Amino acid sequence: ALLLPILLFVSFRKPLGPHYAMALAALSLTSPSTLTYSTLGTSDLLALLLAVATVGIVLNKPSRLWLVFGGVIGGGAYAVRNAQLALLLSIALYYGYLWLSLAANRRETLRGAVAFGCGASLVFLPVLVRNEILFGTFNPYHMAPSTISALHNIRTFLQEMFYDLSGLRSLGVHIGWSATGLLLMLCLAAGLIWRLSTAWHMFSPLRKNALLLSATYAVISASVVIAARTRYEWGEMINIRHTL
């Protein structure tokens, strides 16, 4: 738990600048999810640490040896929590974006993607083989069908996400379950999109990459959680453990 703010600062200091990196580190120290799960012996915080380290290496260490190491850590994140499949999918899409957008560096981008993939496969493939041998399936995740709708789970996820970001339970409930809260969220999203669109051309390539990779990871991770809760009956609602 003590490593998380340090790792966030180190990973994002160069892409976003020291002030934004410090803000991320501070957010991790006040987030209800990290405050709660830093005191519990679960796999959640470890998976988050591995994910942050993986993203930090992909963004800051373009050498192939570092990317192999980052792939091993990313594969380890999946081995710890299979929801981190979202991390590996995000990085695959990230390299696909680089390959399409940087025509002059496609060979180097492909080499980086292969290096990361080789590292991840050192952990990812043995886990799949183990699952197939022991359980007869690559993803042994079976529960009763969910009794909660997708819309309900989306609203619950929004509730917990805004609670986790703000520390205010009432704000999360308001945004997730009221028309004015939905309007407030849409206004915040519109403001953020406007800010990014007006400043995008001034951002360095590294900052653009960091924002794209982080946004992709956030969207895919949220989608995995919501889809899993919509398909399976967990016995609990989506909560800050799942937004962590």
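For segment 168-244, the equivalent ellipsoid derived from the alpha-carbon gyration tensor has semi-axes of 28, 19, 10 Å in decreasing order.
Within the accessible surface of segment 1-156, defined with a 1.4 Å probe on protein heavy atoms only, the carbon and sulfur portion equals 71 percent. Classify segment 93-217: rounded, prolate or oblate, from the alpha-carbon gyration tensor (a ≥ b ≥ c, eigenvalue square roots; a/c under 1.5 rounded; otherwise prolate if a/b is larger than b/c)? In terms of gyration-tensor shape, oblate. For Tyr94, the solvent-accessible surface with a 1.4 Å probe is about 20 Å², rounded to the nearest 10. In the context of the full set of protein chains, the chain has a per residue accessible area of 55 Å² (1.4 Å probe).
Taking the centroid of alpha carbons for each part, segment 187-204 and segment 98-112 are 26 Å apart. Calculated mean residue ellipticity at 222 nm for the chain: -26000 deg cm²/dmol, from DSSP H runs with n ≥ 4 weighted as -39500 (n - 2.57), summed, divided by the residue count and rounded to 500. Here each label is just a point 7 Å from Cα along the line to Cβ, and for Glu236 and Ser166 those points are 2.4 nm apart. Ordering 149-156, 201-208, 188-195 by mean Cβ neighbour count within 10 Å, with the highest value first, yields 149-156, 201-208, 188-195.
The values are calculated or read from the model by the stated rules, or taken from the named source; none is laboratory data. Here the structure is a predicted model, which is why all the values come from computation and not from measurement. For neighbour counting, all protein chains shown are included, and Cβ atoms are generated from backbone atoms with ideal geometry for every residue, glycine included. Keep in mind that these areas ignore ligands, DNA and RNA; they rest on the heavy atoms of the full protein, side chains included. Shrake-Rupley method; radii C 1.70, N 1.55, O 1.52, S 1.80 Å.
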